[in-house]
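First up is the structure itself, then whatever we jot down about it.
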Amino acid sequence: MGDQESVFSSCIERYPFRVNKFLTRQGGAAGRCIISGEKWDIEAGVSRCSKRFFLFAQLFLLFQLLISGIQPTSGEVWDGIIITAADFQALQAFKQELVDPRGFLRSWNDSGFGACSGGWLGIKCAQGQVIVIQLPWRGLGGRITEKIGQFQSLRKLSLHDNVIGGSIPSNLGLIPNLRGLQLFNNRFSGSIPASLGLCPLLQTIDLSNNSLSGTIPATLVNSTKLYRLNLSHNSVSGSIPTSLTQSPSLIFLDLQYNNLSGPIPDSWDGNGKNLFQLLSLKLDHNSFSGSIPASLGKLNELFELTLSHNQMTGVIPSDIGGLSRLRTLDLSYNAINGSFSDSFLNLSSLMVLNLESNQLDNQIPAAINNLQKLSTLNLRSNHFSGDIPVTIGNIFALRQLDLAHNNLSEEIPASLDNLTNLSDFNVSYNNLSGPVPTHLARRFNSSAFVGNLQLCGYSVSNPCQISPAPSPETPKRRGHKLSTKDIILIAGGALLIILALLCCILLCCLIRKRSVAKAGKDGQATSREAAAARGEKGVLPTAGEVEAAGDTGGKLVHFDGPIVFTADDLLCATAEIMGKSTYGTVYKATLEDGDQVAVKRLREKITRGQREFENEVNILGKIRHPNLLALRAYYMGPKGEKLLVFDYMPKGSLATFLHARGPDTPIDWATRMRIAKGTSRGLLFLHTNVNIIHGNLTSSNVLLDDNTNAKIADYGLSRLMTAAANANVIATAGALGYRAPELSKLKKANTKTDAYSLGVIILELLTGKSPGEAMNGVDLPQWVASIVKEEWTNEVFDLELMRDASVIGDELLNTLKLALHCVDPSPSARPEVQQVLQQLEEIRPETATSSGGDSAAAASVSDD
């Protein structure tokens with residue numbers, strides 16, 4: 001037995017992996033050493049393994065597997081082939097060079113049997129060779145071993161978001177099958193290996209957020225499959241190699257925040273080869289000089305171009321106007337001169353135009369309203385002159401308008417009051433004069449207008465003076481002149497007369513209003529007087545109470561709520577359009593006493609008949625939940641008009657909250673998670689307590705109260721509409737990116753389609769991106785799924801969230817997995833809303849209960 005053991009031990013020591021594989025392929029009955037179909041180099045050594053110790057060898061192997069405790073991970077498919085010796089040695093060297101303070105690599109503790117079976121964290125194999133090393137977010141330090149080149153079958157190396165330092169091994173260029181290299185958010189230093197250009201199948205290189213220096217190797221884009229190159233946030237210097245501008249495959253090129261210098265090559269047309277692949281080009285925050293290359297206008301597919309914070313000079317080439325798909329153009333903080341290029345007016349898809357801190361002059365063209373999709377226009381700190389074009393008031397999508405520190409003159413156009421989406425406005429330090437338009441003065445503080453000496457009406461301390469016209473001098477009569485005392489007496493008498501007239505007018509109005517109130521039909525007048533009496537005494541209207549609408553002949557039905565108003569109060573309120581939808585138009589109505597409500601005027605001819613409408617709307621008026629927008633009243637006019645009255649939410653919708661805020665208004669993770677949970681709770685109540693499918697859940701229909709608690713709006717409205725109107729709503733939801741794919745055929749929403757819309761909203765909260773804007777030709781769920789597949793985590797999450805990634809990284813990843821589960825193309829694979837809420841609460845448990853609407857009352861459906 002001892003001889004047998006020594007012989008077997010010599011076999012296992014010399015050929016550990018091949019002997020193990022040899023043993024697993026034995027013919028059990030014959031007990032003979034059979035090696036078929038494999039080219040082993042060890043026939044001589046293994047020939048000493050005979051029938052005499054074969055049984056012992058099997059027992060020895062079984063014992064070794066048992067003590068190692070390695071089992072294939074659930075979900076991993078193992079082909080049964082144990083790792084090769086070269087890859088096992090490379091893995092040992094890889095582990096030895098890394099620092100693992102959290103012990104994630106403890107599973108790498110056997111003699112190699114578990115490496116390919118799923119037992120080793122982050123390792124995937126095929127045919128006994130490592131194809132994926134994936135260890136992001138593990139807190140790993142140390143460096144990458146030079147033996148990394150031994151992984152000849154390695155396809156992906158993903159070590160992002162760690163603290164690994166040292167240089168990037170040049171041996172990576174020896175890996176012929178390498179497709180993805182994600183080393184961003186680490187501490188790598190030294191130069192970028194030129195040998196990476198030797199990997200013919202390389203598709204993505206992301207080395208951003210490190211401390212790399214040196215120049216960009218010209219050979220880096222030798223691979224004809226490379227479509228993403230991100231070297232941003234390093235200390236790379238030198239110029240841009242011309243080879244980058246002529247790559248036939250590059251789609252995303254990000255070189256921002258480096259020390260690159262010199263002129264930008266003017267060869268982006270690929271030397272006439274019509275290379276129009278590039279979608280995103282980020283060269284900002286460097287030291288580039290010279291003029292903007294005209295060949296950039298040849299990149300017909302480009303949707304993002306940022307050259308800010310450089311030393312660019314000259315005029316903007318007119319060729320830029322040919323980029324019909326361009327959405328973002330940022331040329332700020334350069335020394336560009338000339339006038340506002342007319343070529344910009346052809347950029348029909350442009351949403352962000354930033355020309356801040358340049359030397360542009362002349363007038364802003366009146367045809368700027370051609371840019372109807374523009375949401376940000378920043379012309380700050382230039383030399384623009386003339387007046388502000390009235391046509392800017394026709395760009396209704398505008399959210400940020402900054403014209404400060406220029407030489408603009410004349411008055412601020414009253415048309416700017418039409419920009420209801422405007423959240424950031426500044427015209428300070430110009431030569432503007434006259435009164436500030438009323439709405440602008442109310443919405444923005446004095447810092448938006450200061451520095452204009454002749455501008456008035458934007459603050460209490462700077463009112464507009466009404467100066468009387470100078471009267472011609474009259475000849476002196478008898479040399480008499482009015483004394484100061486006489487002037488005071490005359491002025492006082494005139495003031496008393498004016499006050500007496502005003503009192504008379506007010507008294508007449510009050511008497512007339514009372515007489516009108518008493519002139520109603522029998523029974524209707526008494527109900528109105530009762531409502532007015534309740535208003536005086538502070539008593540709230542009873543749920544479902546009907547009130548006549550004075551002389552109009554309509555009907556106002558109240559549900560419970562904190563605001564008391566009559567039908568005349570509602571119809572005479574000051575209204576401001578907040579938005580339009582397939583159902584109708586939403587107004588912010590300011591009542592006579594200053595209270596504000598939201599009023600939805602339903603489109604005519606799309607609602608059901610009067611009896612069906614009233615039955616359904618009375619049901620909706622009884623629904624109360626902290627995360628649902630309460631219906632407070634409805635009005636039916638004599639000509640068929642229908643108004644729904646809701647609580648007014650001053651913070652607006654989630655869409656506005658996320659996408660229309662300024663750069664200095666961050667939204668932390670706790671707030672986003674609270675919104676996600678609140679939306680889930682409201683949707684769960686609709687599904688389980690009142691059996692209502694929303695069918696049109698979007699971020700525009702999720703409103704936020706003063707405490708940023710979510711309140712779902714527009715629920716149940718489908719019950720008030722005709723079938724044709726509901727079909728249009730589903731189509732609109734699809735255009736906005738929230739519609740589940742199966743609705744294109746089913747045409748009827750259900751709980752699973754609502755779960756899909758909820759998943760899109762959660763993705764919206766995670767990414768900060770609007771689903772209505774297709775990214776690279778795909779919708780938001782598809783874009784996120786493609787990014788996650790390639791391990792570009794820093795491009796999925798909103799940059800504001802990435803700042804705290806070390807603390808909330810696990811929560812972000814788990815929430816992302818949940819959201820992707822919700823938007824699964826297969827309805828049966830999606831979770832119900834109750835499961836979504838449960839998982840959200842497990843990911844981030846509540847620390848304190850937040851108050852919702854209705855004084856945080858319990859959710860209910862009230863009974864009559």
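Each reported figure results from applying straightforward, stated rules to the coordinates on display, with no laboratory input. Everything numeric in this text was worked out from a predicted model, so none of it was measured. For neighbour counting, all protein chains shown are included, and Cβ atoms are generated from backbone atoms with ideal geometry for every residue, glycine included.
Applying a threshold of 25 Å to the alpha-carbon distances of 600/752; 95/225; 651/789; 555/651; 580/639; 373/580 flags 600/752; 95/225; 651/789; 555/651 as lying beyond it. Look at where the Cα atoms of segment 628-674 and of segment 238-252 average out, and the two centres are 46 Å apart.
Look at where the Cα atoms of segment 288-309 and of segment 361-406 average out, and the two centres are 22 Å apart.
Put simply, the Cα atoms of segment 548-620 extend 34, 28, 25 Å along their principal axes, the longest span coming first.
Where a ≥ b ≥ c are the square roots of the eigenvalues of the C-alpha gyration tensor, would you call segment 213-320 rounded, which needs a/c under 1.5, or, failing that, prolate if a/b is larger than b/c, or oblate? Taking the square roots of the gyration eigenvalues as a ≥ b ≥ c, segment 213-320 is oblate.
For residue 425, the residues whose modelled amide H falls within less than 5 Å of its own, excluding neighbours fewer than 5 places apart on the same chain, are 401. For segment 332-478, what does the alpha-carbon gyration tensor say about shape, rounded, prolate or oblate, given a ≥ b ≥ c as the root eigenvalues, a/c under 1.5 as rounded, and a/b over b/c as prolate? Here segment 332-478 falls in the prolate category.
Could you tell me the relative contact order of segment 306-380? Use alpha-carbon pairs under 8 Å, at least six residues apart, and round to a whole percent.
Details: 163 pairs, mean separation 23.3, N = 75.
Contact order relative to length: 31 percent.
The trypsin sites (Lys or Arg not before Pro) of segment 557-646 meeting both criteria, a DSSP state outside H, G, I, E and B (loop) and at most 14 other C-beta atoms within 10 angstrom of the site's C-beta, are 605, 639. For segment 364-378, backbone phi angles converted through the Karplus equation (6.51, -1.76, 1.60; θ = phi - 60°) give residue-by-residue couplings of 7, x, 5, 7, 5, 5, 5, 8, 6, 8, 5, 10, 10, 10, 10 Hz, Gly and Pro being listed as x.
Shape analysis of segment 558-695 places it in the oblate category; the axes a ≥ b ≥ c from the Cα gyration tensor give an a/c of at least 1.5, with a/b not above b/c.
What Kirkwood Rh does segment 205-252 have if only Cα atoms enter the pairwise 1/r average? Answer in Å. Don't jump to the answer; show the numbers that get you there.
Numbers: mean 1/r = 0.0895 Å⁻¹.
It works out to 11.2 Å.
Across segment 198-205, computed HN-Hα scalar couplings (Karplus, 6.51 cos²θ - 1.76 cosθ + 1.60, θ = phi - 60°) run 7, 8, x, 9, 4, 10, 10, 10 Hz from first to last residue, x flagging Gly and Pro.
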